[in-house]
Amino acid sequence: MTYSILAYDQKTGTYGGAAATGSLCVGGWVLRGDAESGLSASQGTSPSTLWGTGVLELMKDGRTASGAVETIIRADEGRVHRQLAALARDGSVAAFTGHDSVPHAGSVSGGHVIAAGNMLANEDVLPAVLKCFQETEGAMPERLLAALVAGQDAGGDSRGLLSAALLVVSRGMAPLSLRIDYAENPLPALSDLYHRSQSEPYLSWTRLVPTLEHPHRAEPGIEDGPAE
């Protein structure tokens, strides 16, 4: 039903995830994460949002990605219908695919990157996602967006796509969490939303709000920026 990618850039300390599916609201269902815990993508025929948050809590406490995933899945009798990918703070990755997942289903990884999916059109989708991310230059969000497009070009979700999402976090920036919950062409819509997020006055405003590195930062008297 979904394909996703999680990645870590050691040079910038940036974590990023992206996902697309043939159903609604993939961002709300699948992607979770922050720079203190890492990232997770919980998906499948019967996805558990509890898996996504649970694995993050374990990794925040210092568990490896593989150890956290194993702990989460072991306790769940419904695991045969679910899929989970995790990226720990150190960039290590792990995944689980329940044996009742709708084919084509599985995961591929390389370095600090992991792609996972189920109900895919063919076995070429995930390698295409991983390869595109690894070979694309530029900022984390742009590489993730390119990887989603590569997955779609390789076949994507066997039903087509209806929603897409992007999540990028680091200690020194405000979270970038963008979602297209429903659209006939969600990937172009997500790309357009990303480019709008990099435009003024929104971009300058995001550089003034608190971050993990600057938790008390504030800029009173902003007249042109949005108020949330």
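Condition test on LEU162, is it surrounded by fewer than 22 Cβ atoms within 10 Å (Cβ to Cβ) and either closer than 27 Å to ARG196 by Cα or in contact (Cβ under 8 Å) with a residue 40 or more places away in the chain (or both)?
So LEU162 passes the test.
Run down VAL113, VAL102 and say which single residue is aliphatic (A, V, I, L, M), modelled with pLDDT of 95 or more and open to solvent by 40 Å² or more (accessible area, probe 1.4 Å).
Criteria check complete, one pass: VAL102.
Need pairs with beta-carbon distance below 9 Å; first residue touching a residue at least 12 places away in the same chain (Cβ under 8 Å) and within the stretch 123-141, second loosely packed, with under 14 Cβ neighbours inside 10 Å and hydroxyl-bearing (Ser, Thr, Tyr); sequence gap 6+ or separate chains.
Note: pairs meeting the criteria are MET140/THR12.
Helices (runs of 4 or more DSSP H) wholly in the stretch 110-228 with at least 2 residues that are touching a helix residue (DSSP H, G or I) at 6+ places or on another chain (Cβ under 6 Å) - which ones?
Of the helices (runs of 4 or more DSSP H) lying wholly inside the stretch 110-228, those with at least 2 residues that are touching a helix residue (DSSP H, G or I) at 6+ places or on another chain (Cβ under 6 Å) span 125-135, 140-153, 186-197.
Considering every residue within the stretch 173-190, establish whether at least one is over 22 Å from LEU6 (Cβ atoms) and either at pLDDT below 95 or open to solvent by less than 80 Å² (accessible area, probe 1.4 Å) (or both).
Our first condition is that a residue be over 22 Å from LEU6 (Cβ atoms); within the stretch 173-190, this holds for 182-185, 188.
Then drop every residue that is not either at pLDDT below 95 or open to solvent by less than 80 Å² (accessible area, probe 1.4 Å) (or both), which leaves 183.
Looking through the stretch 173-190, at least one residue is over 22 Å from LEU6 (Cβ atoms) and either at pLDDT below 95 or open to solvent by less than 80 Å² (accessible area, probe 1.4 Å) (or both).
With the structure loaded, tell me whether THR71 is farther than 16 Å from THR2 by Cβ and among the β-branched types (Val, Ile, Thr) or whether it fails that test.
Criteria met by THR71.
Tally time: how many residues in the stretch 116-143 are under 22 Å from GLU36 (Cα atoms), open to solvent by less than 20 Å² (accessible area, probe 1.4 Å) and of a type in the set (A, V, I, L, M)?
1
Report, ordered by the first and then the second residue, all pairs with beta carbons closer than 8 Å, sequence separation of six or more or different chains, a first member in the stretch 11-36 that is within 13 Å of MET119 (Cβ to Cβ), and a second member that is surrounded by fewer than 24 Cβ atoms within 10 Å (Cβ to Cβ) and among the hydroxyl-bearing types (Ser, Thr, Tyr).
From residues that are within 13 Å of MET119 (Cβ to Cβ), the pairs are GLY22/SER158.
The values are calculated or read from the model by the stated rules, or taken from the named source; none is laboratory data. Everything numeric in this text was worked out from a predicted model, so none of it was measured. Note that each Cβ is placed from the backbone with ideal geometry, even for glycine, and that neighbours are counted across all protein chains shown. Side chains included, ligands, DNA and RNA excluded: accessible areas come from the protein's heavy atoms. Shrake-Rupley method; radii C 1.70, N 1.55, O 1.52, S 1.80 Å.
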